[in-house]
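Asks: Below is one structure. I have some questions about it.
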Amino acid sequence: MFSRFKKPDAGPAPTGLKPVTSTGPVAPVAASVPKPVAVIARPGPTPPPPKTPAEALASDKEKKRKDKLMELKVELHKRLLDNLNLSALEKASEANLKQEIASITAEALEEMNVALNAQDRQILHQELYDEVMGLGPLETLLKDETVNDILVNGPKRIFVERAGKLTLTDITFKDERHLLRIIDKIVSAVGRRVDESNPYCDARLADGSRFNCMVPPVAVDGSLVSIRKFKKDKLGIPDLVRFGAFTEEMAAYLQAAVSTRLNIIVSGGTGSGKTTTLNALSSFIDNAERVLTIEDTAELQLQQVHVGRMESRPPNVEGKGAVTQRDCLRNALRMRPDRIIVGETRGEEVIDMLQAMNTGHDGSMTTIHANSARDGISRLENMIAMSGIEMPIKAMRSQISSAVNLIVQASRLQDGSRRMTSITEITGMEGEVISMQEIFRYERLGTESNGKIIGRFNATGIRSAYSDRFRQWGYDLPASIYEPIV
Ligand SMILES: Nc1ncnc2c1ncn2[C@@H]1O[C@H](COP(=O)(O)OP(=O)(O)OP(=O)(O)O)[C@@H](O)[C@H]1O
Ligand SMILES: [Mg+2]
């Protein structure tokens, strides 16, 4: 099925797989994109039915049980900290520590004259273990594979994002102090501090997750925390095709674009899947190439052998020691890269990125925060203007149009699904305007009663301006992939 993603010189496709050539037995686009793509079913925003008196009583009981457990946990946590040998903790195995927790807890419960059933006891042990060794209430969510983002709005409101949809959980911190203690644990592990004078911080959790926090008084109703979970198994091109993020034809086109070293920008809104797309696109880079990645928080996981990863660094408490993305980029140019990948271009580094793309580091890629290809260009112009470089608009645009070949738009639709809604080529300048042509787009056809969006991917009918280049490099895409379904 994915034979078209093979390198042209990688020999014949494995048995049973059909290679894509202009004359080969290619399924026409219309055949592989036959009908509207129905997205993953998700329930609409229906209000919960009113509770019966019996249900209300049960939920009241459940709340009381939880409050009691929370109180016990706080008390036991205090006792644990008094009794555990903290310096031995690091060396203790999980089983040993759990045993230790169980015995200290049993003793304390007896002393406090509290009886707990086996299930509550087990919950208590796990929560205490998470408090001592991990990130307290966040630990369960960090372990939950279906959670993408964790968003904390003060101690009592923890939201999670699953499959593109935000929901409130019933997990809480005891109070703001508890939340602050966990925040402190995270930021002190990376040598940072948050307090009234430094109220926010970016960090990376031990498992690689991206973390940001902001504490009161700047955060008005209690500390705000956002965590983008790190996925060990990043979504690859076949996964994204399977999830309906784009079609096989679009993937074949993107493979040609990356392999023939077009400079690509992935544009999209927050959480739209930019980094995921960039990471997946990078899988098309040849193993022989030297790739340097630059990010504010290292999220990319390239599979190539020859990869140098860089992460920018904020200033320390005295305001010194910052290493910006721009610093990394400038240094990267002296490190003989074949390609440079910047996780997200958001500021002054834009000018160095465009220059790198223009001067021999073609095949470079980055993401920007924008809602369409045209909007992406305006963002680039704004970033250049903000970087303090005085440049006439025409020169700016000509610099952009000669540096960037392709803009890929990632979007998170209202129903939570993530789609590549447009692939647009930059073809040059017409007067003062950058000319572009859209090759593929996502067409919305309607909405189901449960909010699910119905749509399909389609070609626009315009042939790629890079067709000759693709062919010369051995990527002979069939003309049918550019034909629209009507
Ligand atoms: N096509 C997809 N299908 C399902 N999940 C996806 C898809 N694309 C991305 N995701 C998931 O969505 C989450 C957000 O993706 P990603 O980090 O790539 O977004 P982003 O646009 O880079 O976000 P940010 O603006 O915060 O940097 C991740 O957990 C990722 O695994
Ligand atoms: Mg990102």
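The values are calculated or read from the model by the stated rules, or taken from the named source; none is laboratory data. None of these values were measured; they are calculated from a predicted model. We place every Cβ from the backbone using ideal geometry, glycine too, and count neighbours over all the protein chains shown.
Asks: Can you tell me which residue is farthest from the chain's Cα centre (by Cα) among those in the range 385-407 that are β-branched (Val, Ile, Thr) and surrounded by 22 or more Cβ atoms within 10 Å (Cβ to Cβ)? Talk me through it step by step, then tell me what you get.
Replies: Within the range 385-407, the subset β-branched (Val, Ile, Thr) is 389, 393, 400, 404, 407.
Next cut, surrounded by 22 or more Cβ atoms within 10 Å (Cβ to Cβ) only: 400, 404, 407.
Working: 400: 26, 404: 23, 407: 18 Å.
So the residue we want is 400.
Asks: Scan the range 236-259 for residues that are more than 24 Å from residue 344 (Cβ to Cβ) and away from ligand 1 (no atom under 14 Å from the Cβ) and report the count.
Replies: Matching residues across the range 236-259 total 4.
Asks: Of all residues being among the small types (Gly, Ala, Ser) and over 15 Å from residue 74 (Cα atoms) in the range 107-133, which is modelled with the highest pLDDT? Just the residue, please. Before the answer, list the steps.
Replies: Going through the range 107-133, the residues among the small types (Gly, Ala, Ser) turn out to be 108, 115, 118.
Now narrow it down to the ones that are over 15 Å from residue 74 (Cα atoms): 115, 118.
Working: 115: 83, 118: 87.
Taking the candidates together, the pick is 118.
Asks: Something else: Only one of 364, 312, 378 is within 16 Å of ligand 1 (Cβ to nearest atom) and hydroxyl-bearing (Ser, Thr, Tyr); which?
Replies: 312
Asks: Those residues that are in contact with a Cys (Cβ under 8 Å, 6 or more places away or on another chain) and either within 16 Å of ligand 2 (Cβ to nearest atom) or over 14 Å from residue 159 (Cα atoms) (or both), I need them from the range 218-240; list them, please.
Replies: Step one: of the range 218-240, the residues in contact with a Cys (Cβ under 8 Å, 6 or more places away or on another chain) are 223-226.
Across the range 218-240, the qualifying residue is only 226.
Asks: Collect the residues in the range 408-421 that are away from ligand 2 (no atom under 16 Å from the Cβ) and surrounded by 21 or more Cβ atoms within 10 Å (Cβ to Cβ), keeping them in residue-number order. Step through it out loud before you land on a result.
Replies: Restricting attention to the range 408-421, the residues satisfying the condition of being away from ligand 2 (no atom under 16 Å from the Cβ) are 413-417, 419, 421.
Selection gives 417, 419, 421.
Asks: For the range 69-100, what are the residues that are of a type in the set (D, E, K, R) and modelled with pLDDT under 80?
Replies: If the condition is that a residue be of a type in the set (D, E, K, R) and modelled with pLDDT under 80, then 73, 78, 79, 82, 90, 91 are the ones that fit.
Asks: Give 63, 91 a once-over and let me know the one that is surrounded by fewer than 16 Cβ atoms within 10 Å (Cβ to Cβ), more than 24 Å from residue 185 (Cα to Cα) and not assigned by TED's automatic domain parsing to the domain that holds residue 207.
Replies: Result of the check over 63, 91: 63.
Asks: Would you call residue 225 surrounded by 20 or more Cβ atoms within 10 Å (Cβ to Cβ) and either touching a residue at least 60 places away in the same chain (Cβ under 8 Å) or more than 20 Å from the chain's Cα centre (by Cα) (or both)? Give the derivation first.
Replies: On the way: surrounded by 20 or more Cβ atoms within 10 Å (Cβ to Cβ): yes; either touching a residue at least 60 places away in the same chain (Cβ under 8 Å) or more than 20 Å from the chain's Cα centre (by Cα) (or both): yes.
Against the criterion (surrounded by 20 or more Cβ atoms within 10 Å (Cβ to Cβ) and either touching a residue at least 60 places away in the same chain (Cβ under 8 Å) or more than 20 Å from the chain's Cα centre (by Cα) (or both)), residue 225 qualifies.
Asks: For the range 147-159, state whether one or more residues are of a type in the set (Gly, Ala, Ser), on the phi < 0 side of the Ramachandran plot and not assigned by TED's automatic domain parsing to the domain that holds residue 419.
Replies: No.
Asks: Checking residue 272 against (1) buried (at least 19 other Cβ atoms within 10 Å of the Cβ); (2) in a loop (DSSP other than H, G, I, E, B); (3) away from ligand 1 (no atom under 16 Å from the Cβ), which test does it fail?
Replies: Tallying (1) buried (at least 19 other Cβ atoms within 10 Å of the Cβ); (2) in a loop (DSSP other than H, G, I, E, B); (3) away from ligand 1 (no atom under 16 Å from the Cβ), residue 272 fails exactly one: (3).
Asks: For the range 275-307, what are the residues that are within 16 Å of ligand 1 (Cβ to nearest atom) and among the polar types (S, T, N, Q)?
Replies: Of everything in the range 275-307, those that are within 16 Å of ligand 1 (Cβ to nearest atom) and among the polar types (S, T, N, Q) turn out to be 275, 276, 277, 279, 282, 283, 293, 297, 301.
Asks: How many residues, within the range 218-241, are out of contact with any Asp or Glu (no Cβ under 8 Å at 6 or more places or on another chain) and either part of a helix (DSSP H, G or I) or closer than 12 Å to residue 276 by Cβ (or both)?
Replies: Let us first name the residues in the range 218-241 that are out of contact with any Asp or Glu (no Cβ under 8 Å at 6 or more places or on another chain), namely 218-221, 224-225, 231-240.
Keeping just the survivors that are either part of a helix (DSSP H, G or I) or closer than 12 Å to residue 276 by Cβ (or both) gives 231, 233-240.
Residues that pass the stated criteria total 9.
Asks: Still on this structure, please answer the following. If the requirement is being among the hydrophobic types (A, V, I, L, M, F, W, C) and more than 23 Å from residue 324 (Cα to Cα), which of these qualifies: 395, 385, 356?
Replies: Working: 385 fails: more than 23 Å from residue 324 (Cα to Cα); 356 fails: more than 23 Å from residue 324 (Cα to Cα).
Testing whether each residue is among the hydrophobic types (A, V, I, L, M, F, W, C) and more than 23 Å from residue 324 (Cα to Cα) leaves just 395.
Asks: Oh, and also: Are any of the residues in the range 388-404 under 30 Å from residue 161 (Cα atoms) and either among the hydrophobic types (A, V, I, L, M, F, W, C) or in the same structural domain as residue 334 (by TED's automatic domain parsing) (or both)? First the steps, then the outcome.
Replies: Step one: list which residues in the range 388-404 are under 30 Å from residue 161 (Cα atoms), which gives none.
No, there is no match, as no residue in the range 388-404 is under 30 Å from residue 161 (Cα atoms) and either among the hydrophobic types (A, V, I, L, M, F, W, C) or in the same structural domain as residue 334 (by TED's automatic domain parsing) (or both).
Asks: Scan the range 201-222 residue by residue and report those that are away from ligand 1 (no atom under 16 Å from the Cβ), under 21 Å from the mean Cα position of the chain (by Cα) and within 20 Å of residue 177 (Cβ to Cβ). Walk me through it before giving the result.
Replies: Restricting attention to the range 201-222, the residues satisfying the condition of being away from ligand 1 (no atom under 16 Å from the Cβ) are 201, 206, 215-222.
Now narrow it down to the ones that are under 21 Å from the mean Cα position of the chain (by Cα): 201, 206.
Hit for the range 201-222 is 201, nothing else.
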